[in-house]
Amino acid sequence: MSMGLRKRAAAVAVSTALLVGGGVAAATSASAGYMCGAGYHCVYWATIGDSGQHDYYNSDRDFTNDYFDAARPEPGSDENVNDNVRAASNSSTGGYESHYYRDIDYKGGLLFCVNPGSQIWYGGLESWQEAQASSLLLRPSTTIKCF
């Protein structure tokens, strides 16, 4: 193999490695859930994007003082979040799962959880899970099966 051909082959190999490596880096950076800003864990009164929304950046032990965004003229706007979560989206940039509990202070049992970059749509929760959440605990990756 000539020196020029070797240089070209090496250049192709390096370019391919950079493209593949860049694709992997892009795929593993921030995980974005639908209609939820980077780093946030979002809950919805009903349909994602078409109803009241509230965004959490950290765990919240008590939803009774939280309200769906009143600035959006959507169903559920200005309603209390407590016992009114029907859909959720997770845009964690740190790989945290969103764990929703029945009662304040993470009590009453786990209702459901959402993986980073995922969401649970309105109608996707079982009747015993829907409109029951009262607290949110952000947890690093667990073995619990999440949406």
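Multiplying the residue separation of residue 34 and residue 79 by 0.36 nm and removing their Cα-Cα distance gives an extension gain of 14.0 nm.
Relative contact order of the range 76-147: 42 percent, from C-alpha pairs under 8 Å at least 6 residues apart in sequence.
For the range 81-130, the share of accessible area belonging to carbon and sulfur comes to 43 percent (1.4 Å probe, ligands and nucleic acids excluded). Placing R0 at 35 angstrom, the Cβ-Cβ distance between residue 72 and residue 104 gives a FRET efficiency of 0.85 after rounding to 0.05.
The values are calculated or read from the model by the stated rules, or taken from the named source; none is laboratory data. This one's a predicted model, so the numbers in the text were calculated from it and none came from an experiment. FYI the Cβ positions are ideal-geometry reconstructions off the backbone, even for glycines, and counts take in every protein chain you see. Keep in mind that these areas ignore ligands, DNA and RNA; they rest on the heavy atoms of the full protein, side chains included. Shrake-Rupley method; radii C 1.70, N 1.55, O 1.52, S 1.80 Å.
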